[in-house]
């Protein structure tokens with residue numbers, strides 16, 4: 001047998017870290033060269049769907065896992081997997097809004113993502129509802 005389980009885990013973690021560093025470097029270089037507007041990127045089969053609801057009113061000096069301090073006018077998305085700052089286009093009841101991931105810890109179980117209270121109002125979300133979302137990308141051409 002080649003190496004212990006601990007050695008394999010350390011090796012896999014190192015490979016994952018290296019991949020993350022390379023992805024960040026490529027993303028930073030693309031961001032430097034960006035000159036066009038953000039639009040919704042086509043997802044395979046169209047828009048993604050997610051059960052979504054408001055994360056509720058912002059607490060007094062409540063800080064997200066992404067380091068942001070929430071206020072009543074804050075606009076953003078909580079997603080348990082996507083990295084902080086990931087730009088998303090949200091669609092509900094004919095309203096399209098560009099937002100970004102600001103937290104990674106969901107408040108309510110059974111949801112796939114959550115939005116700030118102000119963003120829920122803008123999208124017309126009451127309780128937990130299905131909405132559509134896709135990644136935002138640079139417009140081409």
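Any idea what log10 I(q)/I(0) is at q = 0.13, 0.28 Å⁻¹ for segment 99-141, Debye with uniform C-alpha scatterers and no solvent?
So the normalised log intensities work out to -0.35, -1.27.
Please state the Cα pair-distance histogram of segment 38-138 with 5 angstrom bins from zero: what percent is in each bin?
2, 14, 26, 27, 19, 8, 2, 0, 0
Read-outs throughout are calculated quantities, based only on the coordinates presented, and are distinct from any laboratory measurement. Model, not experiment: these values are computed from the prediction.
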